[in-house]
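Nothing in this text is a laboratory measurement; each read-out follows from the coordinates by a stated rule. Keep in mind that what you see is a predicted model, and the values were worked out from it rather than measured. Note: ideal-geometry Cβ built from the backbone for every residue, glycine included; neighbour counts use all protein chains shown.
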Amino acid sequence: MGRAKVNDLQGFFVSKYGGEDSVAYQKARLNFIQSMAAYSVACYILQIKDRHNGNIMIDGEGHIIHVGQSHTSALADQFRVLNIRRQTLASCST
């Protein structure tokens, strides 16, 4: 699918998963909604900025996948900090 054929998300979903009434379309749509909601909340909580659609892909089941290197590094750093804090709190409570 090139840009000349499909220019919007709904058009992509219809061409990939079938009509709006098909089970595949509805499942992919639900997967997209749930994964986008989770991704948005995670980025908000972790304060990850400057996200754009140039580095977001959709997998075969409709989930979003982030492919940006800076995002992966930022998430890894945030989880490292959270893990250190969790370990510190655990050691203080014993």
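Assorted remarks:
- As a rough footprinting exposure proxy, the listed residues Met36, Met57 were ranked by other beta carbons within 10 Å of their own, and the order from fewest upward is Met57, Met36.
- 5 angstrom amide H check on Ile58, placed H, neighbours 5+ away: Ile65
- Dimensionless Rg over Rh [segment 14-56; C-alpha; Kirkwood]: 1.12
- Near Ala28, once Lys and Arg are set to +1 and Asp and Glu to -1 for all other residues with Cβ below 12 Å from its Cβ, the sum equals 0.
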